[in-house]
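Trainee: Dropping the structure in here first, questions after.
Each value in this text was obtained by applying a stated rule to the coordinates, not by laboratory testing. Keep in mind that this is a model prediction, so the values were computed, not measured. Reconstructed Cβ throughout: ideal geometry from the backbone, glycine too, with neighbour counts over all protein chains shown.
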């Protein structure tokens, strides 16, 4: 029986931005990296952090990985070259510009061909009076082993940050995530019909919310995460072990551990794979002390770190 490892990971600010008016010593190296150089400097932001991010991704050994917070395709390719072993490690890479003002997008790296690629970054929402997706709902078919094809729906929903009212960020931003969650369901059903769960697909990414109701109110993503056509496979872990993100606390908000990152397998795919996924925590900063296991070499109390999110990886059999 053929199998494939699928993962999702918010790599936190994978930037490689221009710094102008700085001479570089080796223009030919920059040209090999794909840039026409004219007194510019180009390198990956926070190199030590990204080295640990790369080590984390290599430890996952994912055949297909959905990524969040990628600046652009050139940055992803450079990161792949510097930290993942180059194109031979992941021959297929997708990034399409989305709607985030920080220029962070969703992406896919894959060892298998990606086809039928579709963006939804252009969709306008009359409810939100803005683009529907904060980044995108990026869709791609993966031509896996044994000619088995399944579909990814990669997302990064609106964050819980409200700079004007930080103590009430979750409830103030809930509506946007609710609209985005419903839209993803519509995209999936338009592709597969009302019996969508009988088809092989995965909705995955950073949904930027948790399911629990608290003093900030109800979740903005429950309509999607609790959809009867999918299974949140992280729920197969004990409740105390489902968290994928550590919030250090700010203002009146206490430090907290929650699941913000999701692998929603279609019902048929989940039935074929009844085991839990792996949540990789070795790249977290040491301040996330609920996790007492080993860290990757070089991880500090606050930084360096791989990310403030934990990647999730699952071996799937078809």
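Trainee: Within segment 206-243, which residues have the backbone N less than 17 Å from the label spot 7 Å out from residue 162 along Cα→beta-carbon, could you tell me?
Mentor: 208-210, 213-221
Trainee: Students often get this wrong: which residues of segment 85-104 have the backbone nitrogen under 19 Å from the point 7 angstrom along Cα-to-C-beta of residue 45?
Mentor: The answer is 95-104.
Trainee: If you scale each eigenvalue of the Cα gyration tensor by 5 and take the root, what three semi-axes come out for segment 163-284, rounded to whole angstrom and sorted largest first?
Mentor: 27, 19, 10
Trainee: Just the number, please: percent antiparallel of the DSSP beta bridges in the chain, rounded to the nearest 5.
Mentor: If we restrict to bridges inside the chain, about 80 percent are antiparallel.
Trainee: Moving to a separate point now. One-quarter of the Cα convex hull surface for the chain, in nm²?
Mentor: For the chain, averaging the hull's shadow over all directions gives 17.2 nm².
Trainee: Let me ask you something else. Just from the alpha-carbon atoms, what are the Rg and Dmax of segment 175-225 in angstroms?
Mentor: For segment 175-225, the Cα-based Rg and Dmax read 12.2, 37 Å.
Trainee: Here is a follow-up. Rg/Rh for segment 226-279: what does it come to with C-alpha atoms and Rh from Kirkwood? Walk me through the intermediate numbers first.
Mentor: Values: Rg = 13.7 Å, Rh = 12.5 Å.
Ratio of gyration radius to Kirkwood radius: 1.10.
Trainee: In the calculated pair distance distribution of segment 108-210, what percentage of Cα-Cα distances lie above 24 Å? It would help to have the intermediate numbers written out before the result.
Mentor: Working: 1586 of 5253 pairs.
The calculated P(r) of segment 108-210 puts 30 percent of pairs beyond 24 Å.
Trainee: Once fully extended, how much extra length lies between residue 236 and residue 257, figured as 0.36 nm per residue of separation less the alpha-carbon to alpha-carbon distance? Walk me through the intermediate numbers first.
Mentor: Working: separation 21, 0.36 × 21 = 7.56 nm, distance 1.73 nm.
Between residue 236 and residue 257, full extension yields 5.8 nm more.
Trainee: Taking the simple approach of a point 7 Å from Cα along Cα-to-Cβ for both residue 290 and residue 194, what is their distance in nm?
Mentor: Modelled inter-label distance: 3.9 nm.
Trainee: Quick one: Kirkwood hydrodynamic radius for segment 258-318, alpha-carbon pairs, angstrom, one decimal?
Mentor: For segment 258-318, inverting the mean 1/r across all distinct Cα pairs yields 13.2 Å.
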